[in-house]
Amino acid sequence: MTFRSTIAVLCALAVAGCTMGAYDRSREGREAAQEQIQSAPDWQREAAVYTTQPPANLEPVRPPEGPEWTHENVQVRFADMPFDMAVEEVLAGTGIVARFDHDIDPGLRVSLNHSGTIKGALEKLAARTNYGYESKVHTIDWRAYMTRTWTLPIAGGDYSYMIGKADTGGGAGGNLGGGGGGAGMQNTLDTSAFDVDLQQYSNTQAEALNYFTDAEQAVLQMVGNYGVVVPSRSSSTIMVRTTPDRMRNVEAYMDNVLIELLSQVLLEVRVVQVTTTSGADVGVNWSAVRERTRSQLQFLGEAPGSMFTGGVPIAFAGTRQTGSGSIDALVRALEEQGDVSFVTDQRVLTRSGKLAELELADIQGYLARSSVTHTTDIGSTQELVPGIIQSGYTLYTYNKIFGDRVAMVVSSRSSDLAPFEQVGSEDNFIQLPNMQSNRLNVHQIVRDGTTVVAAAVRREETTSRSNSPVSSRFLPSYRGSDHKVMDIYVLITPRIIRDL
């Protein structure tokens, strides 16, 4: 091979090597770019990976109950061993001193097979022997009888009440207050002329109720001859000393009594009046109200016609989207159909099982009777007999809590006194009162926070109208009438309040 040929071959090989190296580098770069493109996020694939974390546990960390040594682990196994020796076996190596009450039988035979905490072993011994124990830092006390004292949050004495209208033995002879009967209130207000229906009476009453006596008698029955019960009416306390098994029954009963006595009911009573005026359809359209408040109120009985009387719902409750009160949501829907006004709006906070009374009254005097007597020696004398009449609003309510429900007895009366009418001559006359009165006496059982429509009343008025101020048989005049409907709803909402 000539020199030139050799040079040409070397140059060709160099060029080929450079070309292959550039090609390899280009291919590697292309493949790397494709990998980056494939791994890069696009509109079809999320750019980030989202993980759902469990919610934070906000429950406070509570230290273990009892001394620290009760949570140590122990493994014991024995059969038919005297009770005092069984306790020593469980406490072996702890340095804890066991003390036994004089009523304890130390020779009582027990068997135990336990692997776990010392507290668990002690609980098993207590269950097998019906003994109770109290663990302390350096000692443990075993007793055959347990002692505990309860304080009842009540006032001393008996408790009586009456809600509704009383039977006075004669309609016009009644002498109940103008507040509308009830709650055991007998007074001297003369409203007999207005309480003409007292022979048709309905009331709920009880006499000489005493929570303390009832609790004492119940505890005595549960303890029987296996302990003592020491009541103290002056301090409203009941001390009980009995066996552990009977003490558990007493504790369950007294805990329920305390829950009852510490629970309260906030009762919201609202009387809403909706006035509509039209020549065609009048009155509240409850189908439109339900549609308007679909996301805010839940009416009982969502099926058409279910739980409804004449289109008026029996009860309703607010949803999570209600925001403000459920009644406020209802009022906003009613305002789209007519003029809404509150006849009364009352809130009463009362304890469960106790009567609450609210009275907003106006008392006025008037001339009930007038007489003139003529005698020869004295002449004419006039006797004036005054009367007293009461108007306004009264409410009596008794509420009893059952779990998440409230049994209610509600009696209310509202009355408006019109101007007196004077009858007789100028020198000898009497005044006749004119009063408009509404009375409600209902018994309901309602879930906490649910609004019940306790009553629904419709009043209709027709007013004549004319397009001409002149009326004559020679002048044609168009006459018509306005039809006004007033729908009145009594809304009652109980709300259970505990741990206030």
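The values are calculated or read from the model by the stated rules, or taken from the named source; none is laboratory data. This one's a predicted model, so the numbers in the text were calculated from it and none came from an experiment. Here the Cβ is made from the backbone with ideal geometry for all residues, glycine too, and neighbour counts use every protein chain on show. Note: areas computed on protein heavy atoms with side chains; ligands, DNA, RNA excluded. Shrake-Rupley method; radii C 1.70, N 1.55, O 1.52, S 1.80 Å.
Before moving on, here are some points about what is shown:
- Between residue 429 and residue 205, the simple spin-label model (points 7 angstrom out along Cα→Cβ) gives 4.1 nm.
- Heavy-atom accessible area ranking, 1.4 Å probe, most first, across 299, 100, 402: 402, 100, 299
- Percentage of interatomic Cα-Cα distances in segment 308-408 larger than 17 Å: 77 percent
- Straight-distance crosslink candidates among lysines, where the alpha carbon sits under 29 Å from residue 400 and sequence neighbours closer than 8 are dropped: 165, 354
- With coordinates expressed along the principal axes, the C-alpha atoms belonging to segment 70-148 extend over 30, 29, 19 Å, beginning with the largest.
- Of 332, 458, the residue with the largest accessible area leads and the full order is 458, 332 (1.4 Å probe).
- Computed with a 1.4 Å probe over protein heavy atoms only, the accessible area of residue 416 comes to about 110 Å².
- If R0 is 41 Å, the Cβ-Cβ spacing of residue 360 and residue 56 corresponds to a FRET efficiency of close to 0.25.
- Cβ-defined net charge surrounding residue 67, 14 Å radius [Lys, Arg +1; Asp, Glu -1]: -3
- Computed log₁₀ I(q)/I(0) - Debye formula, equal Cα scatterers, no solvent, segment 363-442, q 0.13, 0.18 Å⁻¹: -0.62, -0.84
- Solvent-accessible area of residue 154, all protein chains in place: 30 Å² (probe radius 1.4 Å, heavy atoms, ligands and nucleic acids excluded).
- Accessible surface of residue 261 - all protein chains present, 1.4 Å probe, nearest 10 Å²: 10 Å²
- Counting Lys and Arg as +1 and Asp and Glu as -1 over every other residue whose Cβ lies under 14 Å from the Cβ of residue 155, the net charge comes to +2.
- Sum of side-chain charges, residue 458 neighbourhood, beta-carbon under 13 Å (Lys, Arg +1; Asp, Glu -1): -1
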